[in-house]
Amino acid sequence: MAGKGANLRSQITRAMIGLTLTAFAVVYFGMMAYFFVIYEWLYPDATADESWRLGDTVMVGLVLGFGLMTAALIGWRLARRIIAPLETVAAAARRIASGDFSARAGLPPRSFGEGRDLVADFNRMAERLQQAEAELAYSNSAIAHELRTPLTILRGRLQGLLDGVFAPGPQLYARLIVHVDDLSAIVEELRTLALGTAGQLDLICAPVDLAAEAEAALDALDAQLAGAGLVVTCSLAPAVTRADRARLRQAFVAVLENACRYAPQTRLRVETGTAGDMVFFRCTDSGPGLSPEGRARAFERFWRAEDSRGRSLGGSGLGLPIVRAIARAHGGEALILVPDSPGLAVEIRLPCRGLSLSEQDLS
């Protein structure tokens, strides 16, 4: 970057000198034309003392030299102010390229507004890169942790079968299948989350009533909700839009399972409806809720409110991130709300999309 900076400085300096020479040439030749052509025509009786003299040429030369020096100095200082933010950004970019994602560009004093904007935008980009790198490292570690438990159990069971420690039978095979299903579920959740993050989640959209899908999800989890001791009340107003029915039900089920897992023996209220140009699904429990930090991190992959909230409770830490990925794939959003009373509210908002008359009849 030093060579490039020097080139830019020299270019700006040469440009200032060129502008000075151009302005001087215009003035000089204008004066020559005036004194040797126009002046003699206007004043034919002028004496020799009133004509152009050698001293005038010397004075013009001095003025030109002073102008060139001034232009070079101004050009050099201007180039220095322009180059300084570029050099700090380039130095920070080299550190990031070498693996130091904590690098930030400093703001030189008296920088131009454009230079300040460049440094600020670069630092925001560097901060996002650092966050993405940290999330990637954490995700890789969490994925290894999540897969290690079922894989270890599977290997132990299979090794026991090989050594004759366990007798083969339907019950043992059923347990092995359960662990394989757990692995498959984690892999599918990771796939869904990756596709949603990349904006490649395939959707098959059709007219959907969120009230009907919420009722279907509640029916599918009826036994699980009862087993968790949840007292469910519903307020399912019509909320029709175009969405992927299967993905939407997957998101509703994930929200309800989250309530079963982390807010057992509480009251659960499920609502659907329309608010402005959005339709919504809201699930509110009267459980312990989350701290402000927890609400801010609730949609981070593999994050759990407490370290004890691990696989023992059946959660992979991917439920709510998948809910947000599905909502955003539909052009909507998933939010954590703070209810008036103790508890937690998860809301999925989707944009209302106009339906044709035939679709309205079908819905």
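With respect to the conditions (1) open to solvent by less than 50 Å² (accessible area, probe 1.4 Å); (2) closer than 17 Å to residue 328 by Cβ; (3) in a strand (DSSP E or B); (4) out of contact with any Ser or Thr (no Cβ under 9 Å at 6 or more places or on another chain), residue 193 lacks only one, and its number is (3). The single condition among (1) among the small types (Gly, Ala, Ser); (2) in a helix (DSSP H, G or I); (3) within 17 Å of residue 320 (Cβ to Cβ) that residue 226 does not meet is (3). All of (1) farther than 29 Å from residue 352 by Cβ; (2) in a strand (DSSP E or B) hold for residue 243 with one exception: (1).
Suppose the filter is in a helix (DSSP H, G or I), outside the structural domain of residue 191 (by the TED database) and at pLDDT below 85; does residue 324 pass it? First the steps, then the outcome.
On the way: in a helix (DSSP H, G or I): yes; outside the structural domain of residue 191 (by the TED database): yes; at pLDDT below 85: no.
The answer is no for residue 324.
Among the residues of this structure, residue 115 does not count as one that is at pLDDT 80 or above and either surrounded by 13 or more Cβ atoms within 10 Å (Cβ to Cβ) or not acidic (Asp, Glu) (or both). Scanning region 257-281 for residues that are open to solvent by less than 30 Å² (accessible area, probe 1.4 Å) and in a loop (DSSP other than H, G, I, E, B) turns up 263, 266. Return yes when residue 294 is at pLDDT 80 or above, of a type in the set (Gly, Ala, Ser) and not assigned by the TED database to the domain that holds residue 153 and no when it is not. So residue 294 fails the test.
So which of 172, 176, 161 is modelled with pLDDT of 80 or more, aliphatic (A, V, I, L, M), part of a helix (DSSP H, G or I) and touching a Pro at 6+ places or on another chain (Cβ under 7 Å)?
On the way: 172 fails: touching a Pro at 6+ places or on another chain (Cβ under 7 Å); 176 fails: touching a Pro at 6+ places or on another chain (Cβ under 7 Å).
Of 172, 176, 161, the one residue that is modelled with pLDDT of 80 or more, aliphatic (A, V, I, L, M), part of a helix (DSSP H, G or I) and touching a Pro at 6+ places or on another chain (Cβ under 7 Å) is 161.
For region 164-188, the set of residues classified as open to solvent by 50 Å² or more (accessible area, probe 1.4 Å), β-branched (Val, Ile, Thr) and closer than 30 Å to residue 201 by Cα consists of 177, 178, 180, 187, listed by residue number.
Residue pairs whose Cβ atoms lie under 8 Å apart, sitting 6 or more positions apart in sequence or on different chains, and linking a residue in region 217-238 that is assigned by the TED database to the domain that holds residue 265 to a partner that is part of a strand (DSSP E or B) and of a type in the set (S, T, N, Q), are 235/272; 236/272; 237/272; 237/274; 238/272; 238/274. Taking region 67-125 as the range and being more than 22 Å from residue 14 (Cβ to Cβ), touching a helix residue (DSSP H, G or I) at 6+ places or on another chain (Cβ under 7 Å), assigned by the TED database to the domain that holds residue 18 and in a helix (DSSP H, G or I) as the test, the residues that pass are 88, 89, 92, 96.
The values are calculated or read from the model by the stated rules, or taken from the named source; none is laboratory data. Fair warning: this is a prediction, and the values are worked out from it, not measured in the lab. So basically every Cβ, Gly included, is an ideal-geometry build from the backbone, and we count neighbours across all protein chains shown. Protein only, heavy atoms only, side chains kept; ligands, DNA and RNA dropped before computing areas. Shrake-Rupley method; radii C 1.70, N 1.55, O 1.52, S 1.80 Å.
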